[in-house]
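The values are calculated or read from the model by the stated rules, or taken from the named source; none is laboratory data. Owing to the predicted nature of the structure, the values given are computational and were not obtained by experimental measurement. Don't worry about glycine lacking a Cβ; one is built from the backbone with ideal geometry, like all the others, and counts go over all protein chains shown.
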Amino acid sequence: MGLESGSQRILDLLDKGITIQESIEAVKSLTKHGILASASFMMGMPEEKPADIIKTLKLIFRLYKINPEIDIIGPLIFRPYPASKLFLKCQKIGFLIAGYLKEYIYV
């Protein structure tokens with residue numbers, strides 16, 4: 001699941017259409033039914049503040065308390081994908097933008 005952040009403000013910026021509580025309930029429900037949850041997070045979004053990062057880390061620790069076997073991916077560094085709303089915003093505020101899609105791939 002791309003939960004992305006523990007900050008509702010950042011989730012709203014990303015237009016995720018989910019709440020922190022829904023993310024928590026999803027992990028609880030999967031755990032209850034014996035399904036191993038996998039959740040990815042990212043940081044470094046435009047307008048993200050240190051307090052938002054702390055909220056993300058707190059959510060990750062909370063999810064570990066719900067299910068110590070949860071597969072947490074990240075937090076990965078935010079990469080704005082071409083033509084997305086956030087890509088255009090990043091261009092406006094001066095983020096360095098890759099010229100080709102292959103430049104978004106990391107090993």
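Below is a table of values for the structure above.
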{"item": "Subset of segment 31-45 (residues that are of a type in the set (V, I, T) and loosely packed, with under 14 Cβ neighbours inside 10 Å)", "result": "I35"}
{"item": "Every pair of residues 6+ apart whose Cβ atoms lie under 6 Å, when the first sits in segment 63-76 and is on the phi > 0 side of the Ramachandran plot while the second is hydroxyl-bearing (S, T, Y) and surrounded by fewer than 16 Cβ atoms within 10 Å (Cβ to Cβ)", "result": "G74/S40"}
{"item": "Number of the exception - E47 against (1) out of contact with any strand residue (DSSP E or B) (no Cβ under 6 Å at 6 or more places or on another chain); (2) farther than 19 Å from Y81 by Cα", "result": "(2)"}
{"item": "Test for E48: is it over 11 Å from the mean Cα position of the chain (by Cα) and buried (at least 18 other Cβ atoms within 10 Å of the Cβ)", "result": "yes"}
{"item": "Filter pass, L57 being more than 21 Å from E25 (Cβ to Cβ) and at pLDDT 80 or above", "result": "no"}
{"item": "Residue that is nearest to the chain's Cα centre (by Cα), among those in segment 3-27 that are surrounded by 14 or more Cβ atoms within 10 Å (Cβ to Cβ) and closer than 18 Å to N67 by Cβ", "result": "L3"}
